[in-house]
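The values are calculated or read from the model by the stated rules, or taken from the named source; none is laboratory data. Bear in mind the structure is a predicted one, so any value in this text is a computation, not a measurement. Here Cβ is always computed from backbone atoms with ideal geometry, including for glycine, and neighbour counts include all displayed protein chains.
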Amino acid sequence: MYCVIGCLWGTIVGVLPGLGPLAGLTLLLPITYYLEPTAAIVMLAGIFYGAMYGGSTTSILVRIPGEAASIMTAIDGHEMARKGRAGPALVVAAIGSFIGGTVSVVGLMLFAPPLAQLMLQIGPAAEFGLMLLALVVLCFASGGPALKTFAMVVAGLLVATVGVDMITAHPRFTFGSLHLVNGISFVAMALGMFGVSEILINLEDIAKVKVIKPTLRSLMPRRQDLKDSAPAIGRGTVIGFSFGFIPGISHVISTFVSYAVERKLSRQPETFGTGRIEAVAGPETANNATTGSAMIPLLVLGIPAIPATAILLAALQIHGVQPGPQMLTEHPQMFWGLIASMYIGNLVLLFFNLPLVGLFVNLLRIPYAYLAPSILLVSIIGIYSVSGNALDILIMALSGVVGYVLRKAKFDPAPLLLAVVLGDRLEVSLRRALLISQGDWWALLQGAMSKIFLGAVLLLVLLQSAAWLLGFRRKP
Amino acid sequence: MPHFSKLVLLFCIFCIGLSSAAAQEKYPSRPIELVIPTPPGGGTDISLRMLAEIVEPILGQRVVVVNKPGGGGTVGMAEVVQARPDGYTIGGLWNAPLTMTPHVLPTPYKNTDYAAVTQVTASPVVMCVKAAFPASDGKGFIEELRKNPGKYTYGNDGVGGTVQLAAERVFTKLGVKARAIPFAGAGETLRAFLGGHVDIYGGSIPPIMPYVKDNSAKCLMVTSAERNASVPQAAGLADLGASDEATVLWRGIIAPRALPADRLAVLQKAFAEAAQSARFKEFMQKRGEEAKGSSSAEFRKLIDSEYDALGKVMAAIGLTKK
């Protein structure tokens with residue numbers, strides 16, 4: 001029951017632009033004081049899954065990713081919506097999320113302890129390797145010319161340096177403003193670059209924005225759609241699950257890795273970015289598959305791997321439960337309650353979201369002259385309610401203009417945003433590793449995990465350069 | 001015209017009556033805003049929200065929690081300092097924005113710009129090592145670190161944060177050198193410690209407890225003067241002859257400096273009573289923390305001495321304003 005409430009609230013929060021799983025969880029955290037512990041945790045977990053589902057809806061319909069994990073969905077998902085195929089995109093996203101979520105719960109039950117041990121092997125040095133690998137994959141993931149993508153990634157890394165230096169505690173590029181000490185708000189940037197810039201572009205020629213009249217038939221995915229997306233869902237599940245136990249920002253990384261894989265494997269990689277159903281199915285499955293594996297370090301080790309699970313940890317602690325190796329023996333009802341809630345939650349969400357697809361798609365019937373201001377208003381309220389900081393609204397507006405200019409110049413803002421997320425951890429893990437090794441760079445190659453990650457980086461770069469040199473490069 | 005001047009006179013008397021009535025108005029007569037300078041969901045937020053709820057019936061007014069994150073707590077803190085000193089805007093925070101951050105960031109407030117109401121919680125920082133570590137008590141731990149300056153690494157919750165400063169304050173006094181590796185909180189520190197990437201876990205007590213129970217970790221030192229009941233084997237600073245250098249993670253209530261003394265007293269009494277309530281005590285104990293409820297003077301003394309001591313520690317380890 002509480003799981004259903006949680007899922008419902010989570011979906012609402014996920015659908016509202018500017019509010020992600022984190023905001024949804026923190027807003028309801030105080031209420032859980034009054035609930036019985038297991039019910040409280042189950043409800044919060046439901047919010048977590050619900051928001052992961054709901055985040056895709058706004059990405060597809062209005063190109064506003066509610067959080068970093070749905071950026072990749074926005075690219076092809078919204079193109080599909082523009083072609084009047086929002087229905088199939090939403091349905092496939094829901095099915096993919098369900099499969100990804102459910103399979104990862106099974107994976108959690110079967111492989112939790114060994115995976116947790118593997119996770120511990122990843123220290124700062126290996127994490128640096130992993131972040132480097134993620135950046136390289138990111139460069140190849142986007143549809144545009146490699147040079148433009150690369151420029152965006154570098155710009156993103158630069159933006160990530162704003163804020164207090166993690167190692168010396170000195171403020172960098174904050175211009176004396178205490179509001180910038182924690183860096184530039186990612187949510188505000190994402191809303192600006194995607195949501196606001198989309199509105200600006202549509203304003204150019206408002207007559208061209210046609211109101212799409214969805215028919216019942218166009219809501220359902222065609223057989224071909226399902227056939228196209230099935231392998232992508234399968235691969236997305238594997239990618240999402242295997243990335244989930246990697247700490248930090250796994251739910252984000254898994255989405256663009258999945259996108260890159262789908263694009264590489266596709267026979268027509270040049271059509272990615274124009275509304276391919278695989279490009280929606282893969283990343284959307286991947287980000288939900290991480291929800292299961294992100295629970296592994298939380299339940300088995302008592303370590304929150306991603307920000308949303310940190311809130312779950314806080315909730316467990318409120319009720320006097322310290323997750324860790326003894327959780328299964330000391331609080332079995334809590335442990336199995338959570339697992340059960342993950343199964344039920346995924347089912348509930350599927351049954352919830354499928355009928356809602358029709359409703360959501362009807363939002364597109366609203367004339368753009370009304371829709372655009374409402375989107376802006378909800379976005380502004382969303383950001384302000386999370387941070388209570390007017391500067392974030394300014395950042396959103398500025399990013400909107402920057403995003404508009406970038407898209408006019410045919411630069412894709414997605415790699416920039418994702419690089420902002422990666423940049424922070426890339427820098428911190430490198431400097432942490434060097435602090436531990438006392439400045440010895442060879443330490444980065446110590447340990448099996450570091451070798452694997454850096455080896456993969458080298459291999460990818462070599463393969464790509466070789467392809468260029470030999471002229472095998474496909475026309476973009 | 002005489003009528004008019006009489007009217008003015010009457011009006012003036014009326015006004016004076018109103019304003020004196022306002023001055024004698026019972027405090028608090030409307031909801032109080034409690035500014036918490038962190039995002040919702042952290043330790044400070046969770047504890048103080050609970051406290052706010054308990055204090056409401058005592059004050060007979062609603063206490064509305066407002067989260068103002070940013071700048072490591074300094075943004076919300078600045079807002080409290082600059083608020084009208086009428087007792088309807090107060091702040092609830094942990095030590096960093098008061099005694100640590102002002103040494104490195106250009107904060108728009110000084111240590112004297114606010115009134116201390118009461119300290120509500122305290123929890124020591126614990127230092128733990130793996131079972132294979134060559135010492136198993138506090139004295140041996142310090143001895144081992146002293147013999148090998150710069151060899152051991154300890155994870156902490158961020159540069160210039162409570163864990164690092166609490167540890168460095170003791171280490172400086174005892175002539176010990178260990179290398180601080182900053183992480184973004186106890187969760188990340190625990191991961192690096194369990195994976196063997198740092199030698200020593202430095203942080204709050206609850207996250208490490210499961211590993212103390214299964215004997216894979218042993219805790220050797222806490223940064224409070226006394227030992228702690230959850231980790232009885234860990235030495236307190238009194239055992240190590242450094243009881244004056246105790247730094248714990250605490251949370252407390254502050255108000256704008258010009259708050260009238262009678263209102264400050266009302267707040268202190270109510271919040272101290274709430275902090276000492278059975279419900280809050282039990283809640284804090286579950287989180288491995290101790291409920292306090294000190295007098296305003298005691299709290300002010302704690303802040304001032306910690307501010308000075310940590311300023312020296314930070315200068316010694318090279319953490320200063322540029």
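Data for the structure
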quantity	calculated
Wholly enclosed helices (runs of 4 or more DSSP H) of segment A:303-387 bearing at least 3 residues among the aromatic types (F, W, Y)	A:332-362, A:368-387
Unique match (being in a loop (DSSP other than H, G, I, E, B) and either of a type outside the set (G, A, S) or more than 29 Å from A:M189 (Cβ to Cβ) (or both)) among A:P17, A:P30	A:P17
Filter result for the condition that a residue is at negative phi and surrounded by fewer than 23 Cβ atoms within 10 Å (Cβ to Cβ), over B:P124, B:P182, B:P102	B:P102
Search result, residues across segment A:444-457 that are in a helix (DSSP H, G or I), surrounded by 12 or more Cβ atoms within 10 Å (Cβ to Cβ) and over 26 Å from the mean Cα position of the chain (by Cα)	A:L444, A:L445, A:K451
Qualifying residues in segment B:135-164 (those that are more than 11 Å from chain A (Cβ to nearest Cβ) and among the hydrophobic types (A, V, I, L, M, F, W, C)) - the one surrounded by the most Cβ atoms within 10 Å (Cβ to Cβ)	B:V163
Unique residue being acidic (D, E) and within 30 Å of B:K151 (Cβ to Cβ) when the list is A:D424, A:D392, A:D412	A:D424
Hey, A:I380 in contact with a Cys (Cβ under 6 Å, 6 or more places away or on another chain), surrounded by fewer than 21 Cβ atoms within 10 Å (Cβ to Cβ), among the hydrophobic types (A, V, I, L, M, F, W, C) and more than 14 Å from chain B (Cβ to nearest Cβ) or not	no
Among the candidates B:R257, B:R300, B:R263, residue that is more than 14 Å from chain A (Cβ to nearest Cβ), in contact with a Gly (Cβ under 7 Å, 6 or more places away or on another chain) and among the charged types (D, E, K, R)	B:R263
Filter result (part of a loop (DSSP other than H, G, I, E, B), within 14 Å of another protein chain (Cβ to nearest Cβ) and polar (S, T, N, Q)) within segment B:95-131	B:T107
Output for segment B:246-276, where each listed residue is crowded, with 18+ Cβ neighbours inside 10 Å and in a loop (DSSP other than H, G, I, E, B)	B:A246, B:T247, B:L259
Verdict on A:R425 being within 14 Å of another protein chain (Cβ to nearest Cβ), over 24 Å from the mean Cα position of the chain (by Cα) and under 27 Å from A:I71 (Cβ atoms)	no
Candidate set: segment A:1-27, residues that are within 13 Å of another protein chain (Cβ to nearest Cβ) and within 17 Å of A:V348 (Cβ to Cβ); chosen: the one surrounded by the most Cβ atoms within 10 Å (Cβ to Cβ)	A:P21
Residues that are modelled with pLDDT under 80 and within 15 Å of A:L29 (Cα to Cα), drawn from segment A:299-316	A:P307
Single residue of segment B:47-63 satisfying the filter (within 19 Å of B:Q119 (Cα to Cα), without any contact (Cβ under 8 Å) to a residue 40 or more places away in the chain and not basic (K, R)) that is nearest to the other protein chains (Cβ to nearest Cβ)	B:E53
Any hit, segment A:262-284, residues being touching a Leu at 6+ places or on another chain (Cβ under 6 Å) and not in a helix (DSSP H, G or I)	no
Only one of A:A286, A:A308 that is among the hydrophobic types (A, V, I, L, M, F, W, C), in contact with a Pro (Cβ under 6 Å, 6 or more places away or on another chain) and on the phi < 0 side of the Ramachandran plot	A:A308
Residue check for A:I184: at pLDDT 75 or above, in contact with a Leu (Cβ under 8 Å, 6 or more places away or on another chain) and on the phi < 0 side of the Ramachandran plot	no
Scope segment A:33-60; condition surrounded by fewer than 22 Cβ atoms within 10 Å (Cβ to Cβ) and either hydroxyl-bearing (S, T, Y) or closer than 18 Å to B:P39 by Cβ (or both); matching residues	A:Y33, A:Y34, A:T38
Of residues in segment B:223-245 being in contact with a helix residue (DSSP H, G or I) (Cβ under 9 Å, 6 or more places away or on another chain) and not in a loop (DSSP other than H, G, I, E, B), the one surrounded by the fewest Cβ atoms within 10 Å (Cβ to Cβ)	B:D244
Residue within segment B:65-85 that is among the aliphatic types (A, V, I, L, M), surrounded by fewer than 21 Cβ atoms within 10 Å (Cβ to Cβ), within 25 Å of B:M284 (Cα to Cα) and within 14 Å of chain A (Cβ to nearest Cβ) present	yes
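Residue-by-condition table, conditions (1) within 12 Å of chain B (Cβ to nearest Cβ); (2) within 16 Å of B:Y211 (Cβ to Cβ); (3) in contact with a Leu (Cβ under 8 Å, 6 or more places away or on another chain); (4) touching a residue at least 24 places away in the same chain (Cβ under 8 Å):
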| residue | (1), (2), (3), (4) |
| --- | --- |
| A:S293 | no, no, yes, yes |
| A:V321 | yes, yes, no, yes |
| A:T329 | yes, yes, no, no |
| A:I339 | no, no, yes, yes |
